[in-house]
1. Which ³J(HN,Hα) values, rounded to whole Hz and listed in residue order, are derived for the range 39-52 from phi using the Karplus coefficients 6.51, -1.76 and 1.60 in 6.51 cos²θ - 1.76 cosθ + 1.60 with θ = phi - 60°, glycine and proline given as x?
2. Please give the length that would be gained between Ile57 and Val232 if that part of the chain were fully extended, namely 0.36 nm times their separation in residues minus their C-alpha to C-alpha distance (nm, one decimal).
3. Quick one: net charge around Ser371, please, counting Lys, Arg +1 and Asp, Glu -1 for every other residue with C-beta under 9 Å from its C-beta.
4. Which of the aspartates and glutamates could be linked to Lys350 by a straight reach, that is with a Cα gap under 18 Å, when you skip same-chain ones fewer than 8 residues away?
5. Can you list the aspartates and glutamates whose alpha carbon is less than 16 Å from that of Lys375, not counting same-chain residues fewer than 8 positions off?
6. Mind listing the phi-derived Karplus ³J(HN,Hα) values for the range 77-88, rounded to whole Hz, using 6.51, -1.76 and 1.60 with θ = phi - 60°, and x for any glycine or proline?
7. If you look for lysine pairs in the range 163-286 that are eight or more places apart or on different chains, how many of them have Cα atoms under 17 Å apart?
8. Quick one: if you stick a label point 7 Å off each Cα along the C-beta vector at Asp47 and Leu5, how many nm between them?
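Rule-based calculations on the coordinates, nothing more; no lab input. Computed from a predicted structure; not experimentally measured. Neighbour counts run over all protein chains shown; Cβ positions are idealised from the backbone, glycine included.
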Amino acid sequence: MDFKLTEEQLMIQRAAREFAQQQCLPGVIERDEHQKFPKEQMEQLADLGFLGMMTSIEYGGAGMDTISYVIAMEEISKVDASVSVSMSVNNSLVCWGLEHYATEEQKKKYLTPLAQGKKDGALYIGAFLLSEPEAGSDATHQHTSAIDKGDHYLLNGVKNWITNGSTASVYLVMAQTDASKGPKGINAFIVEKNTAGILVGAKENKLGIRGSDTHAVSFMDVKVPKENRIGVDGFGFTFAMKTLNGGRIGIAAQALGIASGAYELALAYSKQRQSFGKPIHEHQAIQFKLAEMATRIQSARLLCYHAAWEKDNGLDYTTSAAMSKLHASDTAMWAATEAVQVHGGYGFVKEYHVERLMRDAKITQIYEGTSEIQKMVIGRNITK
């Protein structure tokens, strides 16, 4: 087993780190304060080829492996998790789902510009619409309906907590076409945001990842062409679950980045701050905090790499993805809180960044499957 990163992976790490430090760090506090979507940073990610990292070159992507994607997600999340979550949705959910399950015509029309992140020179990203006001963790109970009208479906309902809700050009929407069939009556559709009958709600005023674009989206008699259904009739729920498995690796990598970013800030501060006549990192109490942070973060990183490796090698990564997200998100919440503690009073103000990382960390335990859902997935698989 080789734990060394390849030259290409090291190059991706350097590029992502440089982007995070030079393009994301300036203005990150202001974007968080004013809930400003990082449009300029997303356009730069498109130019870097980071919005379709795992998509094959044939469809406009970079053709990289999942480990490279995890590495890039960690580096960017160290600085701005609002940028990385938008990047994650486009990569893990939208582009991956389309490449693996869309028709050739759908791929040419939608996947190629989504993987490139631009169309006609403008930002072009996607969103994944599964959650509803009454269907969060229990995604089988979809109330959004898609009625078969012959040559098209008529879409009605409300989706909420949608990342890239107002900035996306393309929605992947899960909807119920036959309630009597339960999950097998759910379909997935490609819906263009500018279609008549779509209403994007106000931006959610969130605790963390405040720069990301989170909205409710309503559908009122929205016509969706038959050719925009993904897969065979009734494939929607399977599509959502298989896609979310990979998405969990992306969010695990985001959580890893939040944790490692908080740790790096705490370590640097501990070498600058003096108390009782010496730098605080020389006090055993601080050393123990830093030692435990470093250990937990490395274990989370190895879980992320392992899940990514299984995915790249065509193995069943359902359990490893759930484990990586569960552990990395718990580590992010704990490490960011400890980083605030190391900073003391300075950690409680925005200037020192760690309070933002602590706020950003919480959502990683919730979205793309709560920690409780991850435990259910792991429990079912280990007790088969």
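1. After applying 6.51 cos²θ - 1.76 cosθ + 1.60, I find 4, 4, 5, 5, 5, 5, 4, 4, 5, 6, x, 8, 9, x Hz.
2. This chain segment gains 60.4 nm when fully extended.
3. 0
4. Glu30, Asp32, Glu33, Asp80, Glu264, Glu338, Asp360
5. Asp138, Asp330
6. Working through the residues one at a time gives 5, 4, 10, 9, 6, 5, 5, 5, 6, 5, 4, 5 Hz.
7. 4
8. Going by the 7 Å Cα→Cβ label model, 2.3 nm.
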